[in-house]
Amino acid sequence: MARVLFALFLASAMLLEPDVAVSQNYPARQVHMIVTFPPGGNADTIARLVADKLTQNLRQPVIVENKPGAASIVGTAAVAQAPADGHTLLQAGTNISTNPALGHKTPYDAERDLEPVALLVTVPAVVVVHPSLPVNTLAELVVHAKSRPGEVNYGSAGNGSFPHLAVEKLAQETGIKMTHVPFRGFGPALIGLLRNDVNVLASDIPGALEHVRAGKLRALAVTGAVRNHTLPDVPTIAESGLSGYECSLWQAIVAPAATPPAIVARLNRETTAVLGDPDVRAAFAKHGVEPEPALPRHWPRASATT
């Protein structure tokens, strides 16, 4: 699913022949990487890991700036409207593809106003429940929810957020009805689950991991195509009986449209090198994600498996 959403945004992106001189003179000053989520979350952590290594590779500071708000529209708009010189980048996420589908009006057109640079990671979630809910498997959750339409509630990071869409997809494909309780961000949603204010959450794996290990939350299934190495005993949703289900978010580096192709190519090369760094791979592994470097023209197309 994540690859298809990403492909819809990237399908028209093609690199021209790079101008070597432009590439060699870039960057001329510090580079700003805009992150559309608050500090401390998974997206912010990944951005800072990449930015630190890019600082070394580019020999100019790469500064992470957090601009959250309005389903990532605030930060994305800031980059879409920035000079197309490679000194303002966006750490984009799945919202860039889902916002139009959800009817969110944006002051930019992603395909027209933004240029993909490098895919960073795809990130699955884990469906977790409060221990007071009398279910131990996803199948039991489905049976429980079907017997109590609307009584089981699930939290999310807000309307249209990945946790919202992942559970809604699950509900639609199983025919269950649960009540959506949006919070203002993933952190508050996780706290709500720990307090038993909500029963279910599609959580990012790093956020839930320590609570699962401590017995404060119960993990039922992961949303990705394969099991996650940090939760090897937790099955995928597909393994749990819902064949073909996959729902993961992606994170990528994006630049303003009309950024010189040579600069896009340079940034892609340097980012690919960062993602191959053993220290970065080890740090990503702790957060339950795998780096997925790719050239823009080689990123997945709509025919990819969902």
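Using alpha-carbon pairs under 8 Å, 6+ residues apart, how would you state the relative contact order of the chain in percent?
It rounds to 31 percent for the chain.
For the chain, what is the mean residue ellipticity at 222 nm derived from helices alone (per DSSP H run of n ≥ 4: -39500 (n - 2.57); sum divided by total residues; nearest 500 deg cm²/dmol)?
Helix contribution divided over all residues of the chain: -10500 deg cm²/dmol.
Calculate the tail of P(r) for the chain: the fraction of all Cα-Cα distances greater than 26 Å, expressed in %.
When every Cα pair of the chain is considered, 44 percent fall beyond 26 Å.
Tell me the angle of helix 42-58 to the major Cα principal axis of the chain, expressed in degrees between 0 and 90 and rounded to the nearest ten.
Value to nearest ten degrees: 20.
Name the long-range amide H neighbours of THR236: under 5 Å, sequence gap of 5 or more, or other chain; modelled H, no Pro or chain starts.
VAL222
Residue by residue through the range 133-148, which ³J(HN,Hα) values in whole Hz follow from phi under the Karplus form 6.51 cos²θ - 1.76 cosθ + 1.60 (θ = phi - 60°), with glycine and proline marked x?
6, x, 9, 10, 9, 5, 4, 5, 4, 4, 4, 4, 5, 5, 7, 9
Along the range 152-168, what does the Karplus equation 6.51 cos²θ - 1.76 cosθ + 1.60 (θ = phi - 60°) give for ³J(HN,Hα), rounded to whole Hz, x for Gly and Pro?
7, 10, 10, x, 8, 7, x, 4, x, 6, 4, x, 5, 5, 5, 6, 5
Could you tell me what % of all Cα pairs in the range 180-287 have separations over 22 Å?
51
Taking H as built 1.01 Å from N, whose amide H comes closer than 5 Å to the amide H of VAL64, not counting residues under 5 places away?
Sorted by chain and number, the residues that satisfy this are MET33.
Decide, for the range 78-142, between rounded, prolate and oblate: order the square roots of the alpha carbon gyration tensor eigenvalues as a ≥ b ≥ c, take rounded if a/c falls under 1.5, and otherwise choose prolate if a/b is larger than b/c, else oblate.
In terms of gyration-tensor shape, prolate.
Using a basic spin-label model with each label point 7 Å from the Cα along Cα→Cβ, how many nm lie between ARG59 and ARG213?
Label at ARG59, label at ARG213, 4.1 nm between them.
Would you mind checking which residues have amide H under 5 Å from THR88's amide H? H placed 1.01 Å from N; only 5 or more apart, or other chain.
Amide H neighbours of THR88, under 5 Å, 5+ apart: HIS32.
So how much accessible area does MET178 have, in Å² to the nearest 10, using a 1.4 Å probe?
Rounded to the nearest 10, that gives 20 Å².
May I ask for the net charge around ILE46, where only other residues with Cβ less than 14 Å from the Cβ of ILE46 are counted and Lys, Arg are +1 while Asp, Glu are -1?
-3
May I ask which of LYS53/LYS105; LYS53/LYS216; LYS169/LYS286; LYS177/LYS286; LYS105/LYS177 have a Cα-Cα span longer than 32 Å here?
From the list (LYS53/LYS105; LYS53/LYS216; LYS169/LYS286; LYS177/LYS286; LYS105/LYS177), the Cα-Cα distance tops 32 Å for LYS53/LYS105; LYS53/LYS216; LYS177/LYS286.
In sequence order, what are the phi-derived ³J(HN,Hα) couplings for the range 119-125 according to the Karplus relation 6.51 cos²θ - 1.76 cosθ + 1.60 with θ = phi - 60°, rounded to whole Hz, with x for glycine and proline?
6, 9, 8, 10, 10, x, 10
Where nothing but the Cβ of Lys and Arg (+1) and of Asp and Glu (-1) is charged, how large is the charge dipole of the range 26-80 around its Cα centre, in debye to the nearest 20?
Approximately 160 debye in magnitude.
Could you point to the residue in VAL126, LEU102, GLY75 farthest towards the positive end of the chain's charge dipole, with +1 and -1 charges on the Cβ of Lys/Arg and Asp/Glu respectively?
VAL126
Any chance you could check the Cα centroid distance between the range 219-256 and the range 93-172 for me, in angstrom?
Going from one Cα centre to the other spans 12 Å.
How charged is the neighbourhood of VAL128? Take every other residue with its Cβ under 10 Å from the Cβ of VAL128, and add Lys/Arg as +1 and Asp/Glu as -1.
It works out to a net charge of +2.
Calculate how many DSSP beta bridges within the chain are antiparallel, expressed in % of all such bridges and rounded to the nearest 5.
60
The values are calculated or read from the model by the stated rules, or taken from the named source; none is laboratory data. Every value quoted in this text rests on a predicted model; they were computed, and no experiment measured them. FYI the Cβ positions are ideal-geometry reconstructions off the backbone, even for glycines, and counts take in every protein chain you see. Accessible surface is based on the protein model in full, side chains and every heavy atom, while ligands, DNA and RNA are left aside. Shrake-Rupley method; radii C 1.70, N 1.55, O 1.52, S 1.80 Å.
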